[in-house]
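These notes concern the structure reproduced below.
The values are calculated or read from the model by the stated rules, or taken from the named source; none is laboratory data. In this text the structure is predicted, and so the values were computed from the model without any measurement. Heads up, the Cβs are rebuilt from the backbone with ideal geometry, glycines too, and the neighbour counts pull from every protein chain shown. These accessible areas exclude ligands, DNA and RNA; they are computed on the full protein's heavy atoms, side chains included. Shrake-Rupley method; radii C 1.70, N 1.55, O 1.52, S 1.80 Å.
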Amino acid sequence: IGCDPIVSVAKETLLRMRAGRTHVALNSNSTPTAAFVKNANWQNPAAQCVAEIIELVGQPAVGVFDADAASTRLLGDSIYTNPMMLGYAWQKGWIPLDKSSLMRAIELNAVQVQQNTLAFEWGCRAAHDLASVQKLLNPGSVVEFKKRDPLAHVIATRIEFLTNYQNAGYAQTYQAFVQKVKAAEEALAQGLTQVASQGVAPNAPLLKHLPLTEAVARYLFKLMAYKDEYEVARLHTAPAFHAKINSMFEGDFKLNYHLAPPLIAKKNDKGELQKQKFGPAMLTGFRLLAKLKGLRGGALDMFGKTEERKQERALIDDYRASVEEVLKNLNLNNHATAVEIARIPDLIKGYGHVKERNLKAARAKWAGLMGEFRDGKVKQLAA
């Protein structure tokens, strides 16, 4: 029974599989590995893992379905993936035990007996009639394409977020800068429309969606809403967060927080901050800290004096300066390069040493694109 494709193709496991002897009940959903943290462009190899197992033991000996999605959708939590896979394998005839024995084991375990039993039954149904289960997961069999959020909505939601993140003045700074970009790109689009209407450039694509403005709206926001200690506290004390947690768990449970505060966290031999566990009492600290967000970036901001926080604030200024330079020389030939420059923050992912590593690569590309823009190299107009 393989509840994760990546784990299931471990060397020791594959060495024990034999065609004609081994049967594999496999959950198709795979949890990202540590490589996801080290590589921002990591691709989940779940499909390749499934193919490798099928090649080894043969298609008839392998049963695959997305138990993770099924348990989440049908039972409200992916924690029931394992008993669902057990039911799937039993229904296939690959577990030499009576069903009553398995049910008794669930009872004796005395943890979420009803839900685990139900998960087992859903697994049995998936093995017997997978199509019916998939239909429940995707009712209607209608392909629905997500509509593109209007630019006004993209901007408005971020203004609201930044107001809660810091204050109305901080959000206004964001709004004013985005509007400046929008005015410049609209002027460029209007000029292109006039040229096209005169028949001079009839095949030139129009800047209908204002891609430069949208990129700045998304990524200036990303830089301005950096997740510091005050923001972590605000998010962890949000009523919506606790409502979600309470809907996921029953009975007497407690929250532990794994954090690496730059001021007190220990470092490994590479100089990287290491997370440590904080108990439920941390919530009291979070409530106090969330109320102090007005100190962010000021003289009394003790967290803002760390190198990481200084770097995050400097990034905002550097990004704005680059966009300002772009706007002064924006034209149809360099518009596509301008959009690439505006999207640079998308490469800056993660936290701590992971973010630092990605930032180094992003800055190298950033410098290259700015050099290209200054040199006036022509790129195809962004659609």
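Report, by residue number, each residue of the range 324-364 that is among the charged types (D, E, K, R) and over 18 Å from Leu220 (Cβ atoms).
Matches in the range 324-364: Glu356, Arg357, Lys360.
Quick check on Ile79: is it open to solvent by 50 Å² or more (accessible area, probe 1.4 Å) and at pLDDT 90 or above?
So Ile79 fails the test.
Please name all residue pairs, on different chains or six or more residues apart, with Cβ atoms under 6 Å, provided the first residue is in the range 342-355 and is over 24 Å from Leu259 (Cα atoms) and open to solvent by 70 Å² or more (accessible area, probe 1.4 Å) and the second residue is of a type outside the set (Asp, Glu) and part of a helix (DSSP H, G or I).
Arg343/Ala215
A quick yes/no check of all residues on (1) open to solvent by less than 60 Å² (accessible area, probe 1.4 Å); (2) modelled with pLDDT under 90; (3) of a type outside the set (Asp, Glu):
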{"residue": "Lys305", "(1), (2), (3)": "no, yes, yes"}
{"residue": "Asn329", "(1), (2), (3)": "no, no, yes"}
{"residue": "Leu369", "(1), (2), (3)": "yes, no, yes"}
{"residue": "Leu381", "(1), (2), (3)": "yes, yes, yes"}
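Between a first residue in the range 272-288 that is open to solvent by less than 60 Å² (accessible area, probe 1.4 Å) and a second residue that is small (Gly, Ala, Ser) and in a helix (DSSP H, G or I), which pairs have beta carbons less than 7 Å apart while being 6 or more apart in sequence or on different chains?
Going by the 7 Å Cβ cut-off, the qualifying pairs are Glu272/Gly352; Leu273/Gly352; Phe286/Ala233.
For the range 274-378, which fully contained helices (runs of 4 or more DSSP H) count at least 2 residues that are more than 25 Å from Tyr174 (Cα to Cα) and of a type outside the set (Gly, Ala, Ser)?
Those helices (runs of 4 or more DSSP H) span 282-290, 352-375.
Yes/no per residue for (1) under 21 Å from Ala168 (Cα atoms); (2) open to solvent by 60 Å² or more (accessible area, probe 1.4 Å):
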site	(1), (2)
Lys222	yes, yes
Asp228	yes, no
Glu231	yes, no
His236	no, no
Lys254	no, yes
His258	no, yes
Pro261	no, no
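Limited to the range 239-266, what total is found for residues that are modelled with pLDDT under 85 and in contact with a strand residue (DSSP E or B) (Cβ under 6 Å, 6 or more places away or on another chain)?
Adding up the residues that qualify gives 2.
List the residue pairs whose Cβ atoms are under 9 Å apart, where the first residue sits in the range 228-248 and is polar (S, T, N, Q), the second is modelled with pLDDT of 90 or more, and the two are 6 or more positions apart or on different chains.
From the range 228-248, the pairs are Thr237/Leu283; Thr237/Phe286; Thr237/Arg287; Thr237/Leu289; Thr237/Ala290.
Of the residues in the range 170-195, how many are at pLDDT 95 or above, open to solvent by 70 Å² or more (accessible area, probe 1.4 Å) and not charged (D, E, K, R)?
The number of residues fulfilling the criteria is 2.
Among the numbered criteria (1) more than 16 Å from Tyr230 (Cα to Cα); (2) in contact with a helix residue (DSSP H, G or I) (Cβ under 8 Å, 6 or more places away or on another chain); (3) modelled with pLDDT of 90 or more, which one does Leu273 miss?
Only one criterion in (1) more than 16 Å from Tyr230 (Cα to Cα); (2) in contact with a helix residue (DSSP H, G or I) (Cβ under 8 Å, 6 or more places away or on another chain); (3) modelled with pLDDT of 90 or more is unmet by Leu273, namely (3).
Within the group Ala265, Ala233, which residue is in contact with a Leu (Cβ under 7 Å, 6 or more places away or on another chain) and not in a helix (DSSP H, G or I)?
On inspection, the qualifying residue turns out to be Ala265.
Quick one: Ala69 ticks every box in (1) free of Cβ contacts under 8 Å to residues at least 40 places away in the same chain; (2) within 29 Å of the chain's Cα centre (by Cα) bar one, so which box is it?
Only one criterion is unmet by Ala69, namely (1).
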